[in-house]
Amino acid sequence: MADKSTLVLFGARGNLSRIKLIPGLFRLDEAGKLSDEIKIVSVGRQNISQNEWENEIKDMLEKKFNGKYNLKVFDRFIKKNIYHATLPDDPNAFKNFAKLINEDKRFPKNYAFFLSVRPSDFSKIVDQLAEVNLLKEDKYWRRVLIEKPFGTNLKSAIELQGSISKHLNEKQIYRIDHYLGKSALQNILWTRFTNSILEPIWNNKYIDHIQITNHETLGVGERTQFYDATGALRDMTQSHLLQMLALTTMEKPKTFSPDDIRVEKIKLLKSIKSIPINEINKYAFRAQYKSGEIEKEGHVMGYLEELENNKSVVETYAAIRLHIDNPRWKNIPIYLRTAKRLDQSGTFISVKFKNKQNDKKLNSNNWFVFNIQPKESTYFEIQTKIPGLNDSDLRTTKLEGMNRLDFDEKIDAYETLMLDLLEGNQSRFLHIDEVKAAWSLIDPIIKYWSENKEKVHQYEAGTDDPKESKIIFENKDQFWRKGS
């Protein structure tokens, strides 16, 4: 169970809080993971009464759990929740807030601040908390969780770090990437390092290449302006996919402590070679979806139609090839791809093993796959003989283990990460060196693409990967693996 503490949610009336944070905290309380003395202070910019806030919480839980939740837990949970308004036009808003939680004996003096606000407000709120002396660690701990994204490029990430590090040390900063809270991603490390069968073959002697994939049938929806300022590479590859790469390829940490895990992830990310910009078209591919047919949706508009701007060169499909400069992975290509509006959705890591014989039929489909979503599983694909008189007839056999069974506890990523925040576990949060390493890799590609205004390749919504994307493969035998 987490320490006695006061958890402060900034942006408490926003969508993330309504859909994930408040229901997630309720589930943690239901599971007995929250201290009886914990207080949850929801900070909003609107002046509403405590009774109105409690009714809003009830409405959140009704919607999240379809009216089915434990009323006894609700009675206990609602008593832990307090609403506090920091009005935008009140110059003493943070002084009044500090007076409340410092002087009111209801509030434990360990403080965790969750900033579910606009990225432009991250450093402002940290500054304001520091001004009223809420971040200094004397007798009690102070922690600040910052939502994604941490910067929009390397320069802005360094500037944000410089701003908040005036008031916080690295042990106090929790930079969230909600993918790291997913059980399926946590499973990658445990599968790799607790099964001795994998270590001897997890290297360039046996592995041909690795693919890390995130595909969606969804389009950008109402987020057109946000997406056009972001793009697929910045939105998914810089954070989620590079974290998946690190977990898949990092060396075994000395221990599974948060610090040791982060050390190996940082070491791995720093060892990735930069893409040679003078040969960028061999290493990176971008495209946009055009109108097409999506199962269960029917005909959908293309990205440029939704944006109402046919001059945009922002990618909704991005694929890149990377190489890791260390003995284990030398000369092994790693392909990362993410896309909107393809024919199927899925997030998975596919490890292709080398063909050891000249006859490709005898050894052409040896794969090891981590399925992240929609289903969570781990499996090998091997070749086995089909029973019968013909000795050379083979088929692919899948040896699959489900990582999540029907009776397993279902935990949302945000529940895991909020509990980590309260318990002081930083292993599933980003160190600043990880953030810098990721932006250093991605920034040059984004810069080149944004400056190169030539027409971007179009692919029809509801179809497979654009065949032109195969230009980044190292040899003609490689192909994009489909999900399963």
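The values are calculated or read from the model by the stated rules, or taken from the named source; none is laboratory data. Here the structure is a predicted model, which means the values were calculated and not measured. As a convention, Cβ positions derive from the backbone with ideal geometry for all residues, glycine included, and neighbour counts pool all protein chains shown. Heads up: the accessible areas ignore ligands, DNA and RNA and are worked out on the full protein's heavy atoms, side chains in. Shrake-Rupley method; radii C 1.70, N 1.55, O 1.52, S 1.80 Å.
Identify the residue in the stretch 223-239 that is open to solvent by 30 Å² or more (accessible area, probe 1.4 Å) and not in a helix (DSSP H, G or I) and, among all such residues, is farthest from Glu460 (Cα to Cα). If you could, list the steps in order and put the result at the bottom.
Going through the stretch 223-239, the residues open to solvent by 30 Å² or more (accessible area, probe 1.4 Å) turn out to be 223, 225-226, 228-229, 234.
Subset that is not in a helix (DSSP H, G or I): 223, 229.
On the way: Arg223: 20, Ala229: 22 Å.
Top of the filtered list is Ala229.
I need a count of the residues in the stretch 457-471 that are surrounded by fewer than 20 Cβ atoms within 10 Å (Cβ to Cβ) and in contact (Cβ under 8 Å) with a residue 40 or more places away in the chain. Talk me through it step by step, then tell me what you get.
Filtering the stretch 457-471 for residues surrounded by fewer than 20 Cβ atoms within 10 Å (Cβ to Cβ) gives 457-458, 460, 463-464, 467-468, 470-471.
If we keep only those that are in contact (Cβ under 8 Å) with a residue 40 or more places away in the chain too, we end up with 457-458, 460, 463-464, 468, 471.
Looking only at that region, the number is 7.
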Does Val144 satisfy the criteria of being touching a residue at least 60 places away in the same chain (Cβ under 8 Å) and more than 30 Å from Asp325 (Cβ to Cβ)? no
Keeping to the stretch 15-34, report how many residues are open to solvent by less than 30 Å² (accessible area, probe 1.4 Å) and either touching an Asp or Glu at 6+ places or on another chain (Cβ under 7 Å) or farther than 19 Å from Gly181 by Cα (or both). 2
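Quick grid of which residues meet (1) touching a helix residue (DSSP H, G or I) at 6+ places or on another chain (Cβ under 8 Å); (2) open to solvent by 50 Å² or more (accessible area, probe 1.4 Å); (3) in contact (Cβ under 8 Å) with a residue 12 or more places away in the chain:
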| site | (1), (2), (3) |
| --- | --- |
| Ser427 | yes, no, yes |
| Asn452 | no, no, yes |
| Phe473 | no, no, yes |
| Lys476 | no, yes, no |
Restrict the check to the stretch 386-405 and report whether at least one residue is surrounded by fewer than 16 Cβ atoms within 10 Å (Cβ to Cβ), in contact with a Leu (Cβ under 8 Å, 6 or more places away or on another chain) and over 30 Å from Val144 (Cβ atoms). yes
Selected residue (only one of Leu145, Leu180, Leu135 is over 21 Å from Ser17 (Cα atoms) and either open to solvent by less than 30 Å² (accessible area, probe 1.4 Å) or among the charged types (D, E, K, R) (or both)): Leu135
For the stretch 152-159, check the following and say yes or no: at least one residue is under 29 Å from Tyr289 (Cβ atoms), without any contact (Cβ under 8 Å) to a residue 12 or more places away in the chain and surrounded by fewer than 18 Cβ atoms within 10 Å (Cβ to Cβ). yes
Subset of the stretch 59-83, residues surrounded by 18 or more Cβ atoms within 10 Å (Cβ to Cβ) and either acidic (Asp, Glu) or farther than 14 Å from Pro23 by Cα (or both), comes to Ile82, Tyr83
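Go through the stretch 84-196 and tell me which helices (runs of 4 or more DSSP H), entirely inside it, have 3 or more residues that are out of contact with any Cys (no Cβ under 7 Å at 6 or more places or on another chain) and under 30 Å from Glu251 (Cβ atoms). Write out each step before concluding.
Numbers: elements: 93-103, 122-131, 154-164, 183-194.
Qualifying helices (runs of 4 or more DSSP H): 154-164, 183-194.
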Are there any pairs with C-beta distances below 6 angstrom linking a residue in the stretch 93-112 that is of a type in the set (Val, Ile, Thr) to a residue that is open to solvent by less than 80 Å² (accessible area, probe 1.4 Å) and not in a loop (DSSP other than H, G, I, E, B), with the two at least 6 apart or on different chains, and if so which? Ile101/Thr6
Do any residues in the stretch 195-207 that are under 14 Å from Val369 (Cα atoms) have Cβ atoms under 7 Å from those of residues that are outside any loop (DSSP other than H, G, I, E, B) and aliphatic (A, V, I, L, M), where the two are at least six apart or on different chains, and which pairs are they? Ile207/Val351
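Could you check, for the stretch 240-260, whether at least one of its residues is in a helix (DSSP H, G or I) and of a type in the set (Ser, Thr, Tyr)? Let's see the steps before the verdict.
Going through the stretch 240-260, the residues in a helix (DSSP H, G or I) turn out to be 240-249, 258-260.
Going one step further and asking which of them are of a type in the set (Ser, Thr, Tyr), we end up with 248-249.
Checked against the condition, which is being in a helix (DSSP H, G or I) and of a type in the set (Ser, Thr, Tyr), the stretch 240-260 yields at least one hit.
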Of the conditions (1) more than 18 Å from the chain's Cα centre (by Cα); (2) closer than 30 Å to Ser165 by Cα, Val435 clears all except one; give me its number. (1)
Filter pass, His299 being surrounded by fewer than 22 Cβ atoms within 10 Å (Cβ to Cβ), touching a Pro at 6+ places or on another chain (Cβ under 8 Å) and modelled with pLDDT of 95 or more: no
So for the stretch 215-222 (the condition being among the hydroxyl-bearing types (Ser, Thr, Tyr), touching a Pro at 6+ places or on another chain (Cβ under 8 Å), modelled with pLDDT of 95 or more and not in a helix (DSSP H, G or I)), does at least one residue qualify? no
Filter the stretch 196-222 down to the residues that are open to solvent by 40 Å² or more (accessible area, probe 1.4 Å) and within 18 Å of the chain's Cα centre (by Cα) and list them by number. Glu216, Leu218
Could you list, in sequence order, all residues of the stretch 35-52 that are within 16 Å of Arg18 (Cβ to Cβ) and open to solvent by less than 60 Å² (accessible area, probe 1.4 Å)? Ile40, Ser42, Val43, Gly44, Ile48
